[in-house]
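Working notes, structure below.
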């Protein structure tokens, strides 16, 4: 009989070993820094995967890639930017961990072979044993582990969403600065033309002995300052193009293949007149990514506490076995569990309770921070609107003054020098209006960042999951 049992034992153990050998093989994947750098430099808007990604968003790739605006830039950043790629890999790991903690405990198989010298008159010199270890969870620990993993996956999902939003906010600020520099360049060029005209007229007056060299020198100095400022503005525009390319995750040359869309004629038209600090605060407390992440972290701490409480009842393991011992056949059933003689579990429960208390306090701190940020952002936005309105009033007053001087010039009451000086002051007032308008746009962007959703258009955060 024992040869048959030996065959069964060897077959069982051999099968276990073979199954254990059928593992996924390891493949080395060293990082080639030069190859990765080349890959980054070769990112292209013509990438078929990028076109497919846009299609999944319901966007026609050919139409989408006509010019860069805030939405097209954000879509490209969600696909190309490396920071988001890292967060998406972390999210994939967190989601996969849900599957791993859901696995049932593995069943163990063990066996042994022995031989005696028959000193005690054994019937047979051989001994064979086979044992199977079957673990059982006494409480719903596995379900609690899955719950905790799901909450941690939600934390990772919020991390990815926050990176996606931060990319949009960075693009928005850089785009506003780009449009601001473009507009400033136009206004500075107009101002420079006025200086050129005025200096030309003053030089003729000085040559005829009818003008002051001091006044001419003052305008020449202002002309030089204007030229320097214009050069710096043009240079800063190129820097902002490079920053936008970096925001998207493309090389500058690839980014420049598509022009940047023209700014709206009325830059304040997109502002929502119904905004108020109360509605913004309510939105922020619901929509903020860090609020939702703090809730997920608190839920994970709750799950951890439930798991520690569940561990007060230890798991058990049943071990049925069969042994052929020197001619005797022995069946047995083993039972195993852990005894908490050192009373460690109450300490672990207390630790989990403290962790939950910390997460609760952190959630409250996040809420308080959001409320404070909302109030500050609203105050800054309201102040920028007031400054913009004041600048527009000054511009209106200056235009009325220029119209008055123009009539006097038409009637021969003033000369062209005085008219050009009035027009120059008008150009300076236009620069103030432009500066305050873009500052208002910038503060509006900060308001959006506080709420973490666009305040004037449909949110595109769902694009993160379309890739």
If we ask which residues in region 98-110 are in a helix (DSSP H, G or I) and touching a helix residue (DSSP H, G or I) at 6+ places or on another chain (Cβ under 7 Å), their number turns out to be 2
Note: among 89, 95, 71, just one is out of contact with any helix residue (DSSP H, G or I) (no Cβ under 8 Å at 6 or more places or on another chain) and surrounded by 15 or more Cβ atoms within 10 Å (Cβ to Cβ), namely 71
Is it the case that region 245-260 has a residue that's in contact (Cβ under 8 Å) with a residue 12 or more places away in the chain and in contact with a strand residue (DSSP E or B) (Cβ under 6 Å, 6 or more places away or on another chain)? yes
When (1) at pLDDT 85 or above; (2) part of a strand (DSSP E or B) are applied to residue 127, the one that fails is (1)
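Could you tell me whether residue 320 is surrounded by fewer than 17 Cβ atoms within 10 Å (Cβ to Cβ), part of a loop (DSSP other than H, G, I, E, B) and touching a residue at least 24 places away in the same chain (Cβ under 8 Å)?
Working: surrounded by fewer than 17 Cβ atoms within 10 Å (Cβ to Cβ): yes; part of a loop (DSSP other than H, G, I, E, B): no; touching a residue at least 24 places away in the same chain (Cβ under 8 Å): yes.
Taking the combined requirement at face value, the residue does not satisfy it.
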Checked against (1) within 30 Å of residue 425 (Cα to Cα); (2) free of Cβ contacts under 8 Å to residues at least 12 places away in the same chain; (3) surrounded by fewer than 16 Cβ atoms within 10 Å (Cβ to Cβ), residue 189 satisfies every condition except (2)
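Being over 30 Å from residue 229 (Cα atoms) and in contact with a helix residue (DSSP H, G or I) (Cβ under 7 Å, 6 or more places away or on another chain) is the filter here, so list the residues in region 404-428 that pass it.
Let us first name the residues in region 404-428 that are over 30 Å from residue 229 (Cα atoms), namely 404, 407-414.
Those that are over 30 Å from residue 229 (Cα atoms) and in contact with a helix residue (DSSP H, G or I) (Cβ under 7 Å, 6 or more places away or on another chain): 409, 414.
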When (1) at pLDDT 80 or above; (2) within 30 Å of residue 172 (Cβ to Cβ) are applied to residue 63, the one that fails is (1)
Residue set 389, 419; condition assigned to a helix (DSSP H, G or I), within 27 Å of residue 443 (Cα to Cα) and without any contact (Cβ under 8 Å) to a residue 40 or more places away in the chain; output residue 389
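Is it fair to say residue 302 is surrounded by fewer than 16 Cβ atoms within 10 Å (Cβ to Cβ) and at pLDDT 85 or above? Spell out how you get there, then give the answer.
Working: surrounded by fewer than 16 Cβ atoms within 10 Å (Cβ to Cβ): no; at pLDDT 85 or above: yes.
Against the criterion (surrounded by fewer than 16 Cβ atoms within 10 Å (Cβ to Cβ) and at pLDDT 85 or above), residue 302 does not qualify.
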Log entry, pairs with first residue in region 356-369 being at pLDDT 90 or above, second being surrounded by fewer than 13 Cβ atoms within 10 Å (Cβ to Cβ), beta carbons closer than 7 Å, six or more apart or on different chains, reads none
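Do the conditions hold for residue 156, that is, is it free of Cβ contacts under 8 Å to residues at least 60 places away in the same chain, more than 30 Å from residue 260 (Cα to Cα) and assigned to a helix (DSSP H, G or I)?
Working: free of Cβ contacts under 8 Å to residues at least 60 places away in the same chain: no; more than 30 Å from residue 260 (Cα to Cα): yes; assigned to a helix (DSSP H, G or I): yes.
No; evaluated as a whole, the condition is false for this residue.
The values are calculated or read from the model by the stated rules, or taken from the named source; none is laboratory data. Note that the structure is a prediction, hence the values are computed from the model and not measured. When we count neighbours, we look across all protein chains shown, and the Cβ atoms used for this are built from the backbone with ideal geometry, even at glycine.
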